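Let me begin by presenting the structure, written as structure tokens, before commenting on it.
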């Protein structure tokens, strides 16, 4: 009788219970690895507004077993609509090439909803989840030795740093590399009732700022507005509605309708856009960084969550196929580095075009070329 070889990693620690970490935990568990997932938040919550989903992101959601729930609780549609600042249609970008194996080409979902769907999958698997703890010391090697904030210690064949753009694991693994870089834009996000005419991802270009709207459910949509600003600015929550209304003032059509509905109860999230890209490799002696810990992108290509989920899936596949940890992580880098760098560089390129007032056509061409590349297998 044939006996399958054990995976290269029999035990894994996943540091961070966000999209990247949960995807890695699921994929590693599927590969036969005993997984311990930790998150510093004792309530395991996620904050934020809606996120846009591309066709390739829907593909990896199917691989993770959450696609049916995403289709039921989110929103999907084909094609991207590009309008001018007054709402007149400029162009329509087809996503039919992204409709991989019958999938829709694009969509949207609430970030807390996506978090919940992945967490339910993790809870249903034989994955140990410890909340309210972090890593205080990490010693790469064979095995990787870890001390936790509650005083416990552990040894693992592999440790996965999935603890976000301000990753402490990255600081431990590559001290002195530095933190994320502000890119000169503030992202305003507004959650609101879905406007009847917003049935797919819609961009408004040609105004002083890029604005977009996307449904995240039959009843809700989110709007984003990218404000160019030399330095980040902190505003009190009470100031946000009036300030956003001022930024939306030059726009007409649907944007003007949404602006008129702003008030004290409006759900507004404001964040500076920051990025970081580690050089190859993202691993050292059994410790690997994935997701925003290694390649945090800005949102112009709507692929941050997708790249994070792909990282997790590919890591599990490489661990299952390789004879040892080093070979697995080399294979992981060979599959991930250029693809993730493509997303970051093209997103930054789009941000530069937005800040310098490039024509909508120039921006559309960058989006179309990038989406064609992302449609390729990960």
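Relative contact order of the chain: 23 percent, from C-alpha pairs under 8 Å at least 6 residues apart in sequence.
The fewest-to-most ranking of 170, 339, 243 by surrounding Cβ atoms within 10 Å reads 243, 339, 170. Going from the residue with the fewest nearby Cβ atoms within 10 Å to the one with the most, 227, 257 rank 257, 227. A Gaussian network model of the chain, with springs between Cα atoms under 10 Å, assigns the largest mean-square fluctuation among 315, 289, 81 to 81.
Mean residue ellipticity at 222 nm, helices only, the chain: -11000 deg cm²/dmol; runs of at least 4 DSSP H residues each add -39,500 (n - 2.57), and the sum is divided by the number of residues. Can you list the residues of the stretch 147-184 with backbone N under 13 Å from a point 7 Å past the Cα of residue 284, pointing along Cα to Cβ? Counting only backbone N, you get 169-178. Inter-part distance, the stretch 144-208 to the stretch 274-316, computed on C-alpha centroids, equals 9 Å.
Measuring max minus min along each principal axis, the C-alpha atoms of the stretch 255-378 give extents of 60, 36, 22 Å (largest first).
State whether the stretch 130-271 is rounded, prolate or oblate according to the following rule on the C-alpha gyration tensor (a ≥ b ≥ c being the square roots of its eigenvalues): a/c under 1.5 gives rounded; otherwise a/b larger than b/c gives prolate, and the remaining case gives oblate. Prolate, because a/c is 1.5 or more and a/b exceeds b/c. With viscosity 0.890 mPa s and temperature 25 °C, the Kirkwood radius over alpha carbon pairs of the stretch 214-304 converts through Stokes-Einstein to a diffusion coefficient of 151 µm²/s.
Each residue in 248, 191 was given a count of other beta-carbon atoms within 10 angstrom of its own, and listing them fewest first yields 191, 248. DSSP assigns beta bridges within the chain; of those with both partners inside it, close to 70 percent run antiparallel. Against the main long axis of the alpha-carbon atoms of the chain, helix 111-124 sits at an angle near 20°. Of the peptides 343-349, 368-374, the order by per-residue mean of other Cβ atoms within 10 Å, starting with the highest, comes out as 343-349, 368-374. Using only Cα atoms, tell me the angle between helix 304-321 and the longest principal axis of the chain; keep it within 0 to 90° and round to the nearest 10. It is inclined by approximately 20 degrees. In the elastic network of the chain, a GNM with C-alpha springs shorter than 10 Å, the most mobile of 33, 136, 54 is 136. What is the chain by shape, rounded, prolate or oblate, if you read a ≥ b ≥ c off the alpha carbon gyration tensor as root eigenvalues and call it rounded for a/c under 1.5, prolate for a/b larger than b/c, and oblate otherwise? Prolate shape, in that a/c is at least 1.5 and a/b is the bigger ratio.
For the stretch 203-260, the square roots of the Cα gyration tensor eigenvalues, ordered a ≥ b ≥ c, give a/c of at least 1.5 with a/b greater than b/c, which places it in the prolate category. Between helix 19-30 and the chain, what is the angle of the helix's C-alpha long axis to the longest principal axis, kept within 0 to 90° and rounded to the nearest 10? Value to nearest ten degrees: 40. Which of 178, 87, 55 moves the most in a Gaussian network model of the chain with Cα springs under 10 Å? Result: 178 has the largest fluctuation of those listed.
Label point of residue 334 set 7 angstrom out along Cα-Cβ; within the stretch 273-308, amide nitrogens under 17 Å from it belong to 280-283. Sorted on the mean count of surrounding Cβ atoms within 10 Å across their residues, most packed first, peptides 105-113, 205-213 read 105-113, 205-213. Under the criterion of Cα pairs below 8 Å and six or more residues apart, the relative contact order for the stretch 78-228 equals 24 percent.
Bear in mind these aren't lab numbers, they're just calculated from the coordinates by the rules spelled out. Values in this document were obtained by computation on a predicted structure and should not be read as measured data. Cβ atoms come from the backbone with ideal geometry, glycine included; neighbour counts cover every protein chain shown.
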